Every structure is written in structure tokens, then in C-alpha cells.
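Written out below as C-alpha cells is the structure these notes cover.
Each reported figure results from applying straightforward, stated rules to the coordinates on display, with no laboratory input. What you are looking at is a predicted structure, and each value in this text was computed from that prediction instead of being measured. Here the Cβ is made from the backbone with ideal geometry for all residues, glycine too, and neighbour counts use every protein chain on show.
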Amino acid sequence: MASRLEPLLRRMYAPIYRIGHRQATNYRCPICEYVGPFRSKANRQDAKCPRCGALERARFQYDVLRREMPTGQTRRVLHVAPEPGVARLLTAKFDEYVSADLERSDVDVGLDVQQMPFPTAVFDLVFASHVLEYPERDDVALTEIRRILAPGGAAVLPVPLMHQRTVDRVERHPVTKVLHEPGLDYFDRMRTIFDTVDVIRSTDVDPTIQPFVRSRDRSVPMPLEESPGVFIDMMPICRVDYG
Ligand SMILES: [Zn+2]
């Protein structure tokens, strides 16, 4: 019940938040179209949309996806580890939408990205955000993602940027459970599997959606600092050529 009430309460709360923070910078949420100041979250300033709850990464990814989605005849999308905002966008834009996850039960298909239960060349888009850091063989996962993409298809595969250079762990991180901690060189792994990889930065999108992590907290290292306390996110679009 609480989860069903939450969106309603947020919609009622957003205009009140806006009035209470009239002096603050106004931003625009591309997911719910709210315009006004954003909320802070933990040590991150201007992080959260008060209306739909979307954070920096979700707004950045949504904005890029809306612009960059492939066009074609058959339009079928696979959404791994689905986020609600992106799920709504993909459902509206594609003829066929398939959600998937390794552990969750609220999806269409349970799967391991290292061994996908799909025939070859059946999807036009695969979207999997912050997924590749978990499988033991991320190279096998990338090969599988390419295999299920149709000619002309694309995979959008953002990873959390943690270091200058990628660290592959021997054992999973005790808290985050990741095996791979991506650095700025991580996109080279995608380039060995896909025909082209375009990396879009949060500096490439409309700054009024506030796509940056703004934080003075140095306990979570992020490698790309645009200006003091403003960190850049990156979003790789991995393409398969038309045969
Ligand atoms: Zn919003």
C-alpha cells in the first residue's frame, strides 16, 4: 500500500517543495516534466526530482535514450534490471518490450546475461545499466548481448565509473557485490566486441536536467571531475553494423 501511495504523495509534495525553495536554481526533470528546484540526497546536492524521485543518473540516461534510440522496422527491446522511468519510455517507444533480471521476480524473463535464453539477432535495443560489473565473465556477457542484437541494433550499457583504470577483483566486494570496478578504460572492452561504441558524457546533454553528481564527499571516488565537486557520468552506446 505504501508503495502505491508514494507516487501520489510525491505529486502532491512537489509543488509545495517548489514554493518553499523559491530562491533555489530551477531544473527540469525529463522523466516527469517537473520544473523547479531539486532535492539533495545524502551528500549530493540537487540530486533528486521531488515529483518522481528520479536521480542524476536516471535523468541523464532517460534524456539520452529518448534522443538516441535506434529506428527500424521491427522494434523490440530488452531491458535488463529495469528502472521504472526508463521502462515507461521503452514500453511507449517500442512495439515489443521484454524485461529481465537475474534475481527479481517482477520481470518477464529471469536470466543470466552470460547465457541469454534468446535466439540470435532478435532485439533492436538492449538497455542494461550498472549490470556488467556483476557477472564473472563480463566479456562473455558483452558477446551474448551482441549475439542477440539484430543488424543495425544497439546496446546501451552504462557502468559506474569508480577509478581511472578498471579493477577486476578476485572476490566480490563485500558490500557492493561487484567483481569489476570500471575505470575510464572500461569502454575499450566494449570496443573489442561491438562495431562502434559512442560514449556520451553528461556534459553533452541539456544542463537544466542536472545530470551531474554534485558532492564534496570524497569517500566515494569518481574519476571524472568537471569542476570542484561536479562529477561527469558517461553512457556508452554500442552498435552493431547492418550486415
Ligand atoms: Zn521527475
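A few notes on this one:
- Fluctuation leader among Val109, Val213, Val126 - the chain, Gaussian network, Cα springs under 10 angstrom: Val109
- Acute angle (nearest 10 degrees) that the helix 84-93 long axis makes with the longest principal axis of the chain, alpha-carbon atoms: 60 degrees
- For Val122, the residues 5 or more places off, or on other chains, whose built amide H falls under 5 Å of its own are Leu149, Ala150.
- Rounded tilt (10° steps) of 2-20 against the dominant C-alpha axis of the chain: 50 degrees
- Rounded to 5, the percent of DSSP beta bridges in the chain classed as antiparallel: 60 percent
- Taking the alpha carbon gyration tensor of the chain, multiplying each eigenvalue by 5 and rooting it gives semi-axes of 30, 22, 17 Å, largest first.
- Residue range of the chain that is longest and free of GluC sites (Glu not before Pro) which are both DSSP loop and sparsely packed (at most 10 other C-beta within 10 Å): 172-243
- Among the trypsin sites (Lys or Arg not before Pro) in the range 6-59, those placed in a DSSP loop whose Cβ has at most 14 other Cβ atoms within 10 Å are Arg22.
- Taking a straight line from the alpha carbon of Lys93, these lysines sit under 26 Å away, with near neighbours fewer than eight places off in the same chain left out: Lys48.
- Three-way shape call for the range 173-243 based on the alpha-carbon gyration tensor, with the a/c threshold at 1.5: oblate
- Phi to ³J(HN,Hα) by Karplus 6.51 cos²θ - 1.76 cosθ + 1.60 over the range 107-115, Hz, x for Gly, Pro: 10, 6, 9, x, 7, 9, 5, 7, 8
- Fraction in percent of alpha-carbon pairs per bin - 5 Å, the range 36-101: 4, 16, 24, 21, 15, 10, 8, 3, 1, 0
- Angle of helix 138-148 to the longest C-alpha principal axis of the chain, folded into 0 to 90 degrees and rounded to 10: 80°.
- Bridge type composition, the range 56-139 - antiparallel percent by DSSP, nearest 5: 10 percent
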